[in-house]
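The values are calculated or read from the model by the stated rules, or taken from the named source; none is laboratory data. No experiment lies behind these values; they were computed from the predicted model shown. Note that each Cβ is placed from the backbone with ideal geometry, even for glycine, and that neighbours are counted across all protein chains shown.
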Amino acid sequence: MAEQLPYSEKVMDHFTNPRNVGEIPDASGIGTVGNPVCGDVMKMYLKIENEIIVDVKFKTFGCGAAVATSSMVTEMVKGKSIAEALTITNNAVAEALGGLPPVKMHCSVLAEEALRSALKDYYKKQGKPVPFEDKGHAHEGETCL
Ligand code: FES
């Protein structure tokens, strides 16, 4: 019998066929976040027009769950307003993927952080104050395996 994978079909789909991979050369905001424990790195590029995320691309050097959550988060924020994008939590991303194994939940936090970091960069480039708070470190109280 084939070994049961701990990942949902959706996770496997986004991992093997990630959406929106790449860079945006004239991005409005770029966010890079890293997981200091496992060394995984996620970079997110946003193109923003009139407070709407018109394009988003990412590059993730990391585990399968990190790739899948980055891919899913790009699909979730594309075409959304900044305010809507900020309501997307890592739990919502994991849910949209049909769930993640508990030891992999921290990987989804990386995707949420990359998005917020890119939005922060956008406000900085605009010379505007960042209108949201930092959520704290991704791995607080969590073990990265
Ligand atoms: Fe490092 Fe998933 S983000 S193991």
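Quick one: would you say Asn20 is surrounded by fewer than 14 Cβ atoms within 10 Å (Cβ to Cβ) and away from the ligand (no atom under 15 Å from the Cβ)?
no
Of the residues Val67, Val77, which is in contact with a strand residue (DSSP E or B) (Cβ under 9 Å, 6 or more places away or on another chain), of a type in the set (A, V, I, L, M, F, W, C) and closer than 20 Å to Leu119 by Cβ?
Val77
Out of the residues in region 89-126 that are over 11 Å from the mean Cα position of the chain (by Cα) and not in a helix (DSSP H, G or I), which is farthest from Thr69 (Cα to Cα)?
Of everything passing the filter in region 89-126, Pro101 is farthest from Thr69 (Cα to Cα).
Given the options Val77, Val11, Val73, name the one that is touching a residue at least 24 places away in the same chain (Cβ under 8 Å), touching a Gly at 6+ places or on another chain (Cβ under 7 Å) and crowded, with 17+ Cβ neighbours inside 10 Å.
Val11
Hey, among Lys43, Lys120, which residue is modelled with pLDDT of 95 or more, more than 16 Å from the ligand (Cβ to nearest atom) and surrounded by 16 or more Cβ atoms within 10 Å (Cβ to Cβ)? Can you show your working first?
Details: Lys43 fails: more than 16 Å from the ligand (Cβ to nearest atom).
Selected residue: Lys120, the only one of Lys43, Lys120 that is modelled with pLDDT of 95 or more, more than 16 Å from the ligand (Cβ to nearest atom) and surrounded by 16 or more Cβ atoms within 10 Å (Cβ to Cβ).
Of the conditions (1) surrounded by fewer than 15 Cβ atoms within 10 Å (Cβ to Cβ); (2) modelled with pLDDT of 95 or more; (3) farther than 27 Å from Pro131 by Cβ, Leu5 clears all except one; give me its number.
Against the list (1) surrounded by fewer than 15 Cβ atoms within 10 Å (Cβ to Cβ); (2) modelled with pLDDT of 95 or more; (3) farther than 27 Å from Pro131 by Cβ, Leu5 comes up short only on (2).
So Val67 clears everything in (1) loosely packed, with under 15 Cβ neighbours inside 10 Å; (2) more than 20 Å from Ala27 (Cα to Cα) except one condition, right? Which one?
(1)
Condition (residue is within 13 Å of the ligand (Cβ to nearest atom), out of contact with any Phe, Trp or Tyr (no Cβ under 8 Å at 6 or more places or on another chain) and either under 21 Å from Lys125 (Cβ atoms) or part of a helix (DSSP H, G or I) (or both)) applied to region 52-70: is it met by at least one residue?
Among the residues of region 52-70, at least one is within 13 Å of the ligand (Cβ to nearest atom), out of contact with any Phe, Trp or Tyr (no Cβ under 8 Å at 6 or more places or on another chain) and either under 21 Å from Lys125 (Cβ atoms) or part of a helix (DSSP H, G or I) (or both), which makes the answer yes.
What number of residues within region 80-117 satisfy the criterion of being of a type in the set (Gly, Ala, Ser) and within 16 Å of the ligand (Cβ to nearest atom)? Let's see the steps before the verdict.
Our first condition is that a residue be of a type in the set (Gly, Ala, Ser); within region 80-117, this holds for 81, 83, 85, 92, 94, 96, 98-99, 108, 111, 114, 117.
Okay, now just the ones that are also within 16 Å of the ligand (Cβ to nearest atom), so 94, 99, 108, 111, 114, 117.
Total meeting the criteria: 6.
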